[in-house]
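Derivation of every value follows stated rules applied to the coordinates shown; laboratory data play no part. Owing to the predicted nature of the structure, the values given are computational and were not obtained by experimental measurement. Cβ sites come from the backbone with ideal geometry, for glycine too, and all protein chains shown count toward neighbours.
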Amino acid sequence: MLTYNEALTRILAQVTPLPAAETQLEEALGLILGEAIVSPIDLPPFANSSMDGFAVRASEVQSPPTTLPVAGDIPAGALSIPALRPGTTLRIMTGAPLPEGADAVVPVEETETQPSGSVTFLTAAISGDCIRPAGEDVAAGSVVLTAGTRLRPAGIGLCAAVGRSTVRVNPRPRVAIISTGDELVSPGQPLEQGQIYNSNAYSLAAQVKEAGGIVTHRLSARDTPESLREAFDQCAGADLLLTSGGVSVGDFDYVKAVFAERGTVDFWRVAIRPGKPLAFGHWGSTLFFGLPGNPVSSLVTFELFVRPALRRLLGHSDTSRPLISARLTEDAVHNPGRQSFLRAVATQTAGGTTVRPLSRQGSGMLGAAAEANALLIMPTDLSVLSAGTTADVLLLD
């Protein structure tokens, strides 16, 4: 069997980012730029006021109190800007263009308006005060965001500020999910004897969305080759195909065999706990992951293998969760022979990060998994990591 690191390396070696595509700016948050963004304009595009106040010639406001008549108003967005005549001032709003002849803005709170309508300046003006020069932030022709940049909210705003309504980004992977099992029932329906609710369809869809993908299909298949063939055919063309259940060695585990009619199974089984029966392969350009059916095994194997593949498809270089060292607050135990990923709670303290393994580690114990914010990594050859020692921990949150 492959080790965790061997399996992950083998998977990522076969995954390349999706080709960049033109995307509406409002849909590009969190995605990776496939092009450099060059500004065609200065930012700001014109010299403007950074305050509500009065545009002046600084040389005329040097011996406060100084009183000048107000010759007009300049609101933000004004298309016609009067020049500032000597011996006068112009009322100006934040963001409004600086009038010709002015070299300073005095904030309104440093003035007093007289009954006549004139304005008295209570402080001396300094040339350049409260003015944002054209191109102060960005010069026309400059690269404002490089290819490979992950678009955060400020980057989205910057693209809009330089006039871009679309950008070329690595698109969100289209993911199809197939849950297998005769026992599965959709939430909201009554349970009959021997049936369970299909939690994997919902947890996997949430994990896909959290990783940046788009769920295009969410199907259920019975434990028959015919049902699986029909479900697979509906998912043709997806960037990534996920199944849960049916990849072990039971009499009704048909997933690998039916998938092999369409694609290639590169490997199955990894020396980890939970999640030993994991299949990986290709169907044309579609990546295939056959995950175990137990809810916790499904969650953990998605985190360890599927999420990194989705991140690579999106163009991210940081494909895996943060790996840190944390101090154990109590003993962590497992059966040696396979590398274990124990559900755990990591806590940041003044002395560093601590980690507490949860007491319920069964592969069907979804309640404990919902409490966990970390996976504590147990080495293959050790049965116990003692309280007070440090362990490697993958942070999930």
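Within the chain, DSSP assigns beta bridges of which about 65% are antiparallel (rounded to the nearest 5).
Overall size of the stretch 323-395 from C-alpha positions, given as principal axis extents largest first: 34, 28, 20 Å. In plain terms, the residue of 324, 156 with the fewest other Cβ atoms within 10 Å comes first and the most crowded comes last, giving 324, 156. By DSSP, the beta bridges lying fully in the stretch 161-298 are antiparallel in about 30 percent of cases. Just to confirm my numbers, what's the Cα centroid distance between the stretch 328-397 and the stretch 136-173 in Å? About 40 Å separates the Cα centre of the stretch 328-397 from the one of the stretch 136-173. Spin-label model, residue 35 to residue 384: label points 7 Å out along the Cα-to-beta-carbon direction sit 6.2 nm apart. In loop segments of the stretch 77-123 as defined by DSSP, the GluC sites (Glu not before Pro) with at most 11 further C-beta atoms inside 10 Å of their C-beta are 100. Across the chain, the volume of the C-alpha convex hull divided among the residues equals 210 Å³ per residue.
Its DSSP H runs of at least 4 residues, each contributing -39,500 (n - 2.57), put the calculated 222 nm mean residue ellipticity of the chain at -4500 deg cm²/dmol, to the nearest 500.
In this label model, residue 100 and residue 9 are separated by 7.0 nm, measuring between points 7 Å along each Cα→Cβ vector. Counting every other Cβ atom within 10 Å of each residue's Cβ, 197, 4 order from fewest to most as 197, 4. Candidates 34, 47, 98 compared by Cα position along the dipole of the chain: farthest toward the positive end lies 34, with charges placed on Cβ. Annotation for the stretch 234-283 versus the stretch 1-78: alpha-carbon center distance of 45 Å. Placing a label point 7 Å from the Cα of residue 78 along the Cα-to-Cβ direction, the residues of the stretch 131-166 whose backbone N falls under 20 Å from that point are 131-135. Summing charges over neighbours of residue 120, with a neighbour being any other residue whose Cβ is under 12 Å away from its Cβ, gives -2 when K and R count +1 and D and E count -1. Peptides 60-66, 80-86 ranked from most to least packed, by the mean per-residue count of other Cβ atoms within 10 Å: 60-66, 80-86. Between residue 324 and residue 27, the modelled label-to-label distance comes to 3.6 nm, taking each label 7 Å out from Cα in the direction of the beta carbon. The length gained on full extension between residue 269 and residue 154, counted as 0.36 nm times the residue separation minus their Cα-Cα distance, comes to 37.1 nm. Annotation: the residues 267, 259, 54, sorted from fewest to most other C-beta atoms within 10 Å of their own C-beta, follow the order 267, 259, 54.
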